[in-house]
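Participant: Input: one structure, supplied below.
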Amino acid sequence: MSYDDRGSGGAAGVILSFLVGALTGAAAAVLMAPRSGRETREILGERLREASERGRQIRDDAVTRGRTSLDEAVGYVERQRESLEKRRDRLAAAVEAGKQVYREEKEKI
């Protein structure tokens, strides 16, 4: 088994562990809370809304970074394509020039 095979599910495992830990912590906090049930629910609701907003912000940032990376990659590919086309054209011109010189030398003989 190579190193890559063992680490293929690493990110999912970390995220799952984080979520299980968060849920366990939330359950322990509710059970040990010195506040009334209503106060605890309000606090949990507020924290849930805050976490949801942070999640949306993280998602938006990730989408923005992904789009930027995609745009950069597209630009890079386009520049490389143009460079290859120029090289191909120069090579074709060199081959044609070589053929012409060959024809001229052949006619001299």
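Participant: How far is helix 10-32 tilted, in degrees, relative to the longest principal axis of the Cα atoms in the chain, given as a value from 0 to 90 rounded to the nearest 10?
Facilitator: 20
Participant: How big is the gap, in Å, between the Cα center of region 39-109 and the Cα center of region 16-32?
Facilitator: The two parts, judged by their Cα centres, are 42 Å apart.
Participant: Stokes-Einstein diffusion coefficient for region 24-69 at 10 °C in a medium of 1.306 mPa s, Rh from the Kirkwood formula over Cα pairs: what value in µm²/s? Mind dumping the intermediate values first?
Facilitator: On the way: Rh = 12.5 Å.
The estimated diffusion coefficient comes to 127 µm²/s.
Participant: A further question on this structure: Which percent of the accessible heavy-atom area of the chain goes to carbon and sulfur, probe 1.4 angstrom?
Facilitator: Ligands and nucleic acids excluded, carbon and sulfur reach 60 percent.
Participant: Starting from the exponent 0.38 and prefactor 2.2 Å, build the expected Rg for the chain from its residue count and divide its actual Cα Rg by it.
Facilitator: Cα Rg divided by the expected 2.2 N^0.38 Å: 2.43.
Participant: On C-alpha positions alone, give me the angle between the axis of helix 37-108 and the longest principal axis of the chain, in degrees, nearest 10.
Facilitator: 10
Participant: Here's another thing I want to ask about it. Tell me what the chain gives for mean residue ellipticity at 222 nm when only DSSP H runs of n ≥ 4 count, each as -39,500 (n - 2.57), the sum divided by the residue total, rounded to 500 deg cm²/dmol.
Facilitator: That calculation yields -33000 deg cm²/dmol at 222 nm.
Participant: Here's something else I'd like to know. Give or take rounding to whole Å, what are the principal axis extents of the alpha carbon atoms in region 58-109, in descending order?
Facilitator: 76, 7, 5
The values are calculated or read from the model by the stated rules, or taken from the named source; none is laboratory data. None of these values were measured; they are calculated from a predicted model. Heads up: the accessible areas ignore ligands, DNA and RNA and are worked out on the full protein's heavy atoms, side chains in. Shrake-Rupley method; radii C 1.70, N 1.55, O 1.52, S 1.80 Å.
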